[in-house]
Amino acid sequence: MRVANRADELMNSLQHQIIIPSAKQTMRSSNVFLAIAAGFSSTAAFAPVLGSRGAVKTKTLWSAAASGPRRNIQTTCQLQSKVSSTKSSTSLRAAMPTLSTHCDDDLPLARDAMKFIDNSPDPFHVVQTAVEQLEEVGFVEWKDDEEIENGGKYYFTRNKSTLVAFSIGENYKPGKGFKIIGSHTDSPNLKVKPYSKRTTAKNGGASGAIQLGVECYGGGLWHTWFDRDLGISGRVFVNDEETGTIRQKMIKIDRPILRIPNLAIHLQTAKEREAFAVNKEDDLSPILAMAVKDSLTGGSTDDDSTKDEWQKKQEPLLVQMLAAELGVETEDILDFELNLFDVQTASLGGLHSEFVHSARLDNLASCFLSLRGLIDHVKGGGVQNDEDISMIAMFDHEEVGSSSATGAGSPIIGEAVKRINHALGAGADSPILYDRAIQRSLVLSVDQAHAVHPNYASKHEKNHGPVMNGGMVIKRNANQRYATNGVTGLIIRQLAKNAGLPPIQEFVVRNDCGCGSTIGPVISTATGMRAIDMGCPQLSMHSIRETMGVKDFTHGLALFKAFFSDFSAIDSKIEE
């Protein structure tokens, strides 16, 4: 490589000029040499490398060089300082010492969580991913008419977007309690409208662009969706002529096929720039393609006379793309439920890799931790001596109020308790035993919590400010926006203490600020079960990219495992 050879020549000729004299010209020449040796095109990259008296700080040199372009430049360096010289014939990147981190032990779990989130861009894929992991450890799907038994591991789904999984203790008897961790599978996003065609002009109108009609789901920070690489996912209903059935096919296109571009600053007034107000109907329509390309491929010249009314109102390019991805004919696509998602995968961040940056941390972090907690409980032999039911429930539609057939406000949890009691022999005493089981149960409503934002710390109540990597957070509200009370909060604090975890953090809103809510009060109202609202602290909630601490995955998993194993023992000590 020419640059590498030149760097070697310069090294040999200039190795004695590392102690740079005061002459400005000599310093500039050596600076150029150092930049070339490291593979940089600009000497500015090495400005921090030079000390006040011109001496090269060798350790800093390696750090700066390794953080630059990843070029495998082999050099033979003799860098002389006032004290010693160093020889190296390996690449600059290899010479850089590994930065130690206090989060090393937490990274494997965090990476598992990142993979789970990347595989789950919508509620349907969340449930699919969770079911695959459950079946790997022996969970089986429970149909309504099938028997179950002590020591068994089961799951069932509703609408493919809500999941309930549970293990039955070997010593369980009807009337015993249920240990439930609840979370939700949905996140704010843009969903494709029932009629996806937005561009009616064959030439794409004034812009020449083909767009899709989308609808805002939940309360997203919609300005964060601009200028992102967007894919599309969900489920598609396909007519199967061979079997005479309508099949549901999952689809996940993780290529940047859609984009919502910002308006250039030059085309905005000063008032518009200051406000950055998003008109959700007009400003959020993503671009799919250009009409020129559409005309070349024949996408806009389809004969509508052979289509039904639903097909006529779909964007032809969208339907063609779905058909191609699924390997079906366009006329066999009968309907779909699709949403947009950011194709950028989750990543580790921070100097010590102490953060996870990802979409949908609210609330797939909780889904992942509850799932892993139940799996670890089963794999660790927790079922053998258990007298209770250990359960996880992942609900859809939390972001829009939980009032649906698959939301936390539905009868799903109450019916599950009744069905399990009945299937295990409650018989004529079923109503009484159901009431007893309800009173002995506890629901952990696990949803992400607000960490203190360093730029907006005043938004938090000054004595109740959770921090990332500081442990799990209990959420409280005197007006019952959260379900936590004295007893449920005490149980969780004791569990954390016994498990050797950091003290539980507390969150309350300021008196001059509104308070959100989640599934805890909804489930308590629907079933009468005790509940607590809690979660991992994070930043940027409802942004297209959110941030949380890697250690809080470890904290959350340890707490959930302690809940499944030790809840009954602690609960029995509390006076009724």
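Note on the range 160-171: residues that are open to solvent by 10 Å² or more (accessible area, probe 1.4 Å) and either of a type in the set (Val, Ile, Thr) or touching a strand residue (DSSP E or B) at 6+ places or on another chain (Cβ under 9 Å) (or both) total 1.
Of the strands (runs of 3 or more DSSP E) lying entirely inside the range 177-271, those containing at least 1 residues that are open to solvent by 10 Å² or more (accessible area, probe 1.4 Å) and of a type outside the set (Asp, Glu) are 189-197, 209-217, 230-240, 245-258. Which of the numbered conditions does Leu92 fail, given that it passes all the others? Conditions: (1) open to solvent by less than 40 Å² (accessible area, probe 1.4 Å); (2) at pLDDT 95 or above; (3) farther than 30 Å from Val343 by Cβ. In the conditions (1) open to solvent by less than 40 Å² (accessible area, probe 1.4 Å); (2) at pLDDT 95 or above; (3) farther than 30 Å from Val343 by Cβ, Leu92 misses (2) alone. Which one is surrounded by the most Cβ atoms within 10 Å (Cβ to Cβ), of the residues in the range 272-294 that are among the basic types (Lys, Arg) and over 30 Å from the mean Cα position of the chain (by Cα)? Step by step, filter the range 272-294, then rank; the result is Lys293. Taking the criterion of being buried (at least 24 other Cβ atoms within 10 Å of the Cβ) and of a type in the set (A, V, I, L, M), the residues of the range 530-540 that qualify are Ala531, Ile532, Met534. Just so you know, in the range 114-138 the residues that are open to solvent by less than 60 Å² (accessible area, probe 1.4 Å) and without any contact (Cβ under 8 Å) to a residue 60 or more places away in the chain include one that is farthest from Ile389 (Cα to Cα), and it is Thr129.
Filter the strands (runs of 3 or more DSSP E) completely within the range 430-509 down to those with at least 3 residues that are open to solvent by less than 30 Å² (accessible area, probe 1.4 Å).
Values: elements: 442-446, 473-475, 505-507.
So the answer is 442-446, 473-475.
Taken over the range 96-113, the residue count meeting the criterion of being of a type in the set (S, T, N, Q) and either modelled with pLDDT of 95 or more or surrounded by 14 or more Cβ atoms within 10 Å (Cβ to Cβ) (or both) is 1. Based on what the data block shows, is Glu215 out of contact with any strand residue (DSSP E or B) (no Cβ under 8 Å at 6 or more places or on another chain) and not polar (S, T, N, Q)? When the stated conditions are applied, Glu215 does not pass them.
Can you find a residue in the range 356-375 that is open to solvent by 20 Å² or more (accessible area, probe 1.4 Å) and farther than 26 Å from Ile180 by Cα? Scanning the range 356-375 turns up at least one residue that is open to solvent by 20 Å² or more (accessible area, probe 1.4 Å) and farther than 26 Å from Ile180 by Cα.
Could you list all residues from the range 284-310 that are assigned to a loop (DSSP other than H, G, I, E, B) and at pLDDT below 95? Matches in the range 284-310: Gly298, Gly299, Ser300, Thr301, Asp302, Asp303, Lys307, Asp308. The single condition among (1) touching a Gly at 6+ places or on another chain (Cβ under 8 Å); (2) open to solvent by 10 Å² or more (accessible area, probe 1.4 Å) that Phe395 does not meet is (2).
I'd like the residue in the range 140-156 that is under 15 Å from Ile392 (Cα atoms) and of a type outside the set (Val, Ile, Thr) and, out of all such residues, is farthest from the chain's Cα centre (by Cα).
Just the residues of the range 140-156 that are under 15 Å from Ile392 (Cα atoms), to begin with: 140-142, 152-156.
Subsequent filtering for residues that are of a type outside the set (Val, Ile, Thr) retains 141-142, 152-156.
Details: Glu141: 26, Trp142: 28, Gly152: 30, Lys153: 27, Tyr154: 26, Tyr155: 23, Phe156: 23 Å.
Selected residue: Gly152.
When only residues in the range 312-352 that are among the acidic types (Asp, Glu) and open to solvent by less than 30 Å² (accessible area, probe 1.4 Å) count, which is farthest from Lys160 (Cα to Cα)? Don't jump to the end; show me each part of the working.
Looking only at the range 312-352, we keep the residues that are among the acidic types (Asp, Glu), and these are 315, 325, 329, 331-332, 335, 337, 342.
This time we only want the ones that are open to solvent by less than 30 Å² (accessible area, probe 1.4 Å), so: 315, 332, 342.
Details: Glu315: 26, Asp332: 21, Asp342: 22 Å.
Per the criteria, the residue is Glu315.
If you go through the range 545-558 and pick out every residue that is open to solvent by less than 10 Å² (accessible area, probe 1.4 Å) and within 14 Å of the chain's Cα centre (by Cα), you end up with 6.
The values are calculated or read from the model by the stated rules, or taken from the named source; none is laboratory data. Nothing here was measured: the structure is a model prediction, and the numbers come from that model. Virtual Cβ from ideal backbone geometry, glycine too; neighbours counted across all protein chains shown. We work out accessible area using only protein heavy atoms, side chains counted, and drop any ligands, DNA or RNA first. Shrake-Rupley method; radii C 1.70, N 1.55, O 1.52, S 1.80 Å.
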